[in-house]
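The values are calculated or read from the model by the stated rules, or taken from the named source; none is laboratory data. Here the structure is a predicted model, which is why all the values come from computation and not from measurement. Virtual Cβ from ideal backbone geometry, glycine too; neighbours counted across all protein chains shown. Side chains included, ligands, DNA and RNA excluded: accessible areas come from the protein's heavy atoms. Shrake-Rupley method; radii C 1.70, N 1.55, O 1.52, S 1.80 Å.
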Amino acid sequence: MSREMLQLAEALASEKNVDAEVVFQALEFALSTAAKKKAGREHMDVRVQIDRDTGEYQTFRRWLIVADEDYTYPDVEKTIEEIQEEIPGTAIQIGEYYEEQLPNEGFGRQAAQTAKQIILQRIRDAEREQNLNEFLATREDIVAGTVKRVERHGIIVEVVAGKLDALIPRDQMIPRENFRSGDRIRALFLRVEEIGNTGRKQIILSRTSGDFLVKLYANEVPEIADGMLEIRAVARDPGQRAKVAVKANDQRIDPQGTCIGVRGSRVNAVSNELSGERIDVVLWSPETAQFVMSALSPAEVGRIVIDEDKHAVDVIVAEDQLALAIGRGGQNVRLASDLTGWQLNIMTSAEADERNAAEDAAIRRLFMDHLNVDEETADVLVQEGFATLEEVAYVPAAELLAIEGFDEEIVDMLRNRARDAILTMAIAAEEKLGEVSEDMRNLEGVDADMLRNLAEAGITERDDLAELSVDELIEITGIDEETAKAVILTAREHWFTEDK
């Protein structure tokens, strides 16, 4: 039998043009499978060892040694206590294997067929791995291929004829885009990922990525490859509309005209590849105000107000420009926000005036209540640009003295009252902070400033915080949207734990 084993290994290695070690490993697997079937226990762990020189082989059943508390699968595990009882004085440790020799099973026709199938599979896997490595070594960012089939989870694309396939997942496909088997298709190389626990790898492509649009433009516009022009930002609503911010590194170039092309030839070529996606080419600018105004085109912007702390921009437009600035379903302002990285709030002049009036009234009331001044004095402070008690208390006295009608006595009075009011409010806030529950204090992501703001708003219990909307929490604390979402989710965690 030993000579037959060596002859079989040599014949299979020669027939399939693979290394003899691959054949021996396949034979060992086939023999172990036969032994498990013979025993009628397919879940047990069997190891077969073939001597590569003589062809002799041995069969072992083995168990993994585990701690008593980890013992779960009797067919393949033994506890350390159990093995020490069976073999007193053994040096075997947790994590090692204990083996018992079994009678060898004959290498019949079924085992030989199993070995052959394993060898063929390993050859196919090796070829696929080699094709993948060659593809990755020579690939372009934009991958061209042929649609092999359309499945529920995406499109299978043949990227190396007859040898290698890639997948465009559903979430990386342009909505309402239809392809059939045999169609040519282009997409952006996204990544390589493993398929489940099989060890096989899958190429993932995308047609919705902003980088796909950038790479398509780079192919159409030589000035981008030459470095004379660059795309600084992209925002897409795949298949519908996109905004591209461009910047010229050569002052002789018109970046918009270059990207649009003669009679729209260049932008149309990119648009056609993206199923007719409408593309707005806008000028990039380091100045936030100018960039926001460009990003909102074709709407005309009247004026803007930038809030650095909230990373937001109030955009004031004429009444007849409001719908254009917002766009159908909010598309224009959403893409402009994604492009610029700023939160954009669109409003008409009337809405802006109304909001400003409300804000001025609130500040005026603050000054009247805490500085104990009349409406006329409070209104003067508002008109001069003062918005907080801290500004009145701590700006240089010269700025207050520069206000018409304010002398040193009035200025000293206002500054002292402002400082007293700040101190009184701070003491009240600390007292209110003492009412905050312990579980709310210990919430991850909630710092002292946030607790103080919440306490001032009457939010002192964890459930009160959990019931807030994201917008409400942002308004109370001034934190960004992502942080607000995380805090609220953390505050709500105990609801789901209690439900379970």
List, in order, the whole-Hz ³J(HN,Hα) value for each residue of the stretch 243-259 obtained from phi through the Karplus relation with A = 6.51, B = -1.76, C = 1.60 and θ = phi - 60°; use x for Gly and Pro. 10, 10, 9, 10, 9, 8, 8, 10, 5, 7, 9, 8, x, 5, x, 5, 6
Rank Tyr73, Ser469, Ala30 by how far each Cα sits towards the positive end of the charge dipole of the chain (+1 on Lys, Arg Cβ; -1 on Asp, Glu Cβ) and give me just the farthest. Ala30
Accessible area of the stretch 120-254 divided out per residue, in Å², using a probe of 1.4 angstrom: 55 Å²
Å³ per residue of the Cα convex hull, for the chain? 288 Å³
Highest mean first, what order results for 291-298, 473-480 on Cβ atoms within 10 Å? 291-298, 473-480
With only Lys, Arg, Asp and Glu charged, each at its Cβ (+1 for the first two, -1 for the last two), find how big the charge dipole of the stretch 209-284 is about the Cα centre; round to the nearest 20 debye. 200 debye
Summed residue charge, Cβ within 12 Å of Asp250's Cβ, Lys/Arg positive, Asp/Glu negative: -2
Just how large is the dipole of the stretch 331-428 about the Cα centre, in debye to the nearest 20, putting +1 at every Lys and Arg Cβ and -1 at every Asp and Glu Cβ? 560 debye
Give a residue-ordered list of calculated ³J(HN,Hα) values for the stretch 20-27 (Karplus: 6.51 cos²θ - 1.76 cosθ + 1.60, θ = phi - 60°; whole Hz; x for Gly, Pro). 4, 4, 4, 5, 4, 5, 5, 5
Leaving ligands, DNA and RNA out of it, work out the accessible area of Arg47 with a 1.4 Å probe and give it in Å² to the nearest 10. 70 Å²
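Would you work out the charge dipole size for the stretch 318-387 about its Cα centre, treating the Cβ of every Lys and Arg as +1 and the Cβ of every Asp and Glu as -1, and quote it to the nearest 20 debye? Can you show the working numbers first?
On the way: 5 positive and 14 negative charges, 115 e Å.
Value, rounded to 20: 560 debye.
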Taking placed amide H atoms and a strict 5 Å upper bound, the residues 5 or more places from Asp183 or on another chain that come that close are Val147
What does the charge add up to near Ala466, with Lys and Arg as +1, Asp and Glu as -1, over the other residues with Cβ less than 10 Å from its Cβ? -3
Cβ-based charge dipole, the chain, positive-most Cα from Ala397, Ala39, Ala357: Ala39
Per the 1.4 Å probe, what fraction of the accessible area of the stretch 31-100, in percent, lies on carbon and sulfur atoms? 44 percent
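Leaving out ligands, DNA and RNA, and with a 1.4 Å probe, what % of the accessible surface on the stretch 146-194 is carbon or sulfur? Numbers along the way, then the final one.
Details: 1310 of 3010 Å².
It is 44 percent, rounded to a whole number.
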Among Ile195, Ile224, Pro238, whose Cα projects farthest towards the positive end of the dipole of the stretch 179-321, with charges put on the beta-carbon of Lys, Arg (+1) and Asp, Glu (-1)? Ile195
In whole Hz and in residue order, list the ³J(HN,Hα) couplings for the stretch 48-56 that follow from phi through the Karplus curve 6.51 cos²θ - 1.76 cosθ + 1.60, θ = phi - 60°; x for Gly and Pro. 10, 10, 9, 6, 5, 9, 9, x, 5
Which net charge results when you count Lys and Arg as +1 and Asp and Glu as -1 among the other residues whose beta-carbon is under 9 Å from that of Met368? -1
If you count the DSSP beta bridges with both ends in the chain, what percent of them are antiparallel, to the nearest 5? 75 percent
Relative to the longest principal axis of the chain, what angle (0 to 90°, nearest 10) does the C-alpha long axis of helix 408-433 take? 40 degrees
Euclidean distance between Cα centres, the stretch 220-258 to the stretch 90-161, Å: 44 Å
Given 37 °C, 0.692 mPa s and a Kirkwood radius over Cα pairs, the Stokes-Einstein diffusion coefficient of the stretch 48-187 in µm²/s is 159 µm²/s
Per-pair calculated FRET efficiency, R0 = 22 Å: Lys163 and Glu140 via Cβ, rounded to 0.05: 0.80
In degrees, nearest 10, the alpha-carbon axis of helix 2-16 is tilted away from the dominant principal axis of the alpha carbons of the chain by 50 degrees
With a 1.4 Å probe and all protein chains kept in place, how do Phe60, Phe367 rank by accessible area, largest first? Phe60, Phe367
Non-local amide H neighbours of Ile346 (under 5 Å, H modeled in plane, Pro and chain starts lacking H): which ones? Val315
On Cα atoms only, tilt of 210-220 relative to the major axis of the chain in degrees: 90 degrees
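Rank Thr33, Thr424 by accessible area, highest first, at a 1.4 Å probe radius?
Thr424, Thr33
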Area accessible to solvent at Thr460, 1.4 Å probe radius, in Å²: 20 Å²
Amide H contacts under 5 Å for Leu164, placed H, 5+ residues apart: Val159
Share (percent) of C-alpha pair distances in the stretch 116-200 greater than 21 Å works out to 34 percent
Sum -39500 (n - 2.57) across every DSSP H segment of at least 4 residues in the chain, then divide by the residue count to get the 222 nm mean residue ellipticity, nearest 500. -14500 deg cm²/dmol
How large is the accessible surface of Met425 in square angstrom, using a 1.4 angstrom probe and rounding to the nearest 10? 90 Å²
Between the alpha-carbon centers of the stretch 299-366 and the stretch 265-291, tell me the distance in whole angstrom. 23 Å
